[in-house]
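K.L.:
To start, I am sharing the structure in question, which I have written as structure tokens.
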Amino acid sequence: MSVAPVTHRLYAISRSFLRSLPSASAHSSIRTPSTGHRDEACIPNRQFSCYARALRSENKVTVHFVNRDGEKLTVKGNPGDSLLDVIIDQNLDFDGFGACEGTLACSTCHLIFEEEVYKQLGPITDEEMDMLDLAYGLTETSRLGCQVCLTKALEGMTARVPDSVSDMRQSDIGTTTSSSS
């Protein structure tokens, strides 16, 4: 049995818990020195009211994932969430996906995008490029799902999960998961 589903579920529970905390207590360390405002890079606003929840449900972004078997899965995510967050929150079962929980320590959340969508994703960091170098099936439009944040401009985007993944954290030579195994 794979540890990934359990890890993903624990991650989702911890995110739900963090969202329930008042922003002034648990997230006071997430402030920029110049403005005192929260750093909003892939961190959703955690201050909720009934009105805010209704607005969040209206502001969802539709994302289509094509899994390793070619099946198209359509889900909705919150603007500001990473694609890894969306996959975990929606309990999508992509074997081995997001093994490091978004810490940029693996390339298991490797996704492939259409050219038009890729151009809208924003800059790629050197750290992400280093991890992508370890990914199987790397393309010119590959990105790590943990580093791609949803925006309204990405409404209706499609991301394809590669045929296989490599998790270099598992052993010296890594492990491989593919749709044919």
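Every number here is computed from the coordinates shown, using simple stated rules; none is lab data. Keep in mind that what you see is a predicted model, and the values were worked out from it rather than measured. Backbone-built Cβ (ideal geometry, glycine too); neighbour counts: all protein chains shown.
K.L.:
Summing +1 for each Lys or Arg and -1 for each Asp or Glu, what net charge is found among the other residues whose Cβ lies under 12 Å from the Cβ of Gly70?
P.N.:
Values: positive: Arg68, Lys72, Arg160; negative: Asp69, Glu71, Asp163.
It works out to a net charge of 0.
K.L.:
Now for a different question. With each label point set 7 Å from Cα along the Cα-Cβ vector, what nm distance links Val66 and Leu104?
P.N.:
Between Val66 and Leu104, the label points sit 2.9 nm apart.
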